[in-house]
1. Taking the solvent-accessible surface of protein heavy atoms with a 1.4 Å probe, what is the per residue accessible area of segment 59-118 in Å²?
2. Are there any trypsin sites (Lys or Arg not before Pro) in segment 11-100 that are in a DSSP loop and have at most 11 other Cβ atoms within 10 Å? List them by number.
3. Going by the alpha-carbon gyration tensor, a ≥ b ≥ c the square roots of its eigenvalues, is segment 1-83 rounded (a/c under 1.5) or, if a/c is not under 1.5, prolate (a/b greater than b/c) versus oblate?
4. Over segment 1-126, what percent of the accessible surface lies on carbon and sulfur atoms, probe 1.4 Å?
5. For LEU16 and ALA41, FRET efficiency with R0 = 41 Å and r from the beta-carbon atoms, rounded to 0.05?
6. Mind jotting down the distance between the C-alpha centroids of segment 99-122 and segment 35-85, whole Å?
7. Can you list the HN-Hα couplings for segment 12-18, worked out from phi with the Karplus curve (6.51, -1.76, 1.60; θ = phi - 60°), rounded to whole Hz and with x for Gly and Pro?
8. Tell me, what ³J(HN,Hα) does each residue in segment 66-83 have, in order and in whole Hz, if you take phi through Karplus 6.51 cos²θ - 1.76 cosθ + 1.60 with θ = phi - 60° and put x for Gly and Pro?
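The values are calculated or read from the model by the stated rules, or taken from the named source; none is laboratory data. Everything numeric here is computed off the predicted structure, so don't read it as measured data. Reconstructed Cβ throughout: ideal geometry from the backbone, glycine too, with neighbour counts over all protein chains shown. Note: accessible area is taken over every heavy atom of the protein model, side chains too, but ligands, DNA and RNA are not part of it. Shrake-Rupley method; radii C 1.70, N 1.55, O 1.52, S 1.80 Å.
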Amino acid sequence: MFDVLKSGGILMIPILLCGVFATFIIIERIVFFVSLKKKEANFWEKVKEPLNKKLYGEVLEICREEDLPIASVVEKAVYFRNTPVSIQKEAVNTEIDKQVPKLEKFLTSLGTIANISTLLGLLGTVTGNISAFGVLGAGASMGNPALLAGSIAEALVTTASGLVISIPALVFHNFFVSKVDKMISNMETSVSEMQFNFLKKEE
């Protein structure tokens, strides 16, 4: 395997680095979203009863103890519950916008890696073909087929390596983006339901 990768030439170094970074980001984001889902479930269990009983002071305390995007958004909704609806929505939307970067962390980098890996593979194809044609042009292919084979190997290995890294990176990037969009939608729906309840007169 090492000999095959080595045949890809100097461009295999940035391609492999892209693979390492992509793997790190994918694992980190999977762990993050799995953990976040569990924490959010626990958070809703904590605030469910205080919200039903309109114990908003207790809800605010719980929100401030939790380092979660949804907790920050709920805190804003509860804090501005007695203000006009337009102000409530503006405060909540502003807080959601502030939380989005936490959910999208590393996703831009993952998308960039997906594109760069493909381009690096394509560059390896071009340089390998240039080298191959150089060998043919020099008439050395008949005397030393190994030179021609090495150039072709460089083109094929870099192309394949770039695609092997780019395809999973692109798939996971799109998956994580859709995950973030769904979480934002869920936050907006949950808070909208809370705000509807705030409109009811407290007993």
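1. Value for segment 59-118: 52 Å² per residue.
2. The qualifying sites are LYS53.
3. It comes out prolate by the Cα gyration axes.
4. Carbon and sulfur together cover 63 percent of it.
5. 0.60
6. Comparing the Cα centres of segment 35-85 and segment 99-122, I get a distance of 32 Å.
7. 5, 5, x, 5, 5, 4, 4
8. 9, 8, 10, x, 5, 5, 5, 5, 4, 4, 5, 5, 6, 4, 9, 4, 9, 8
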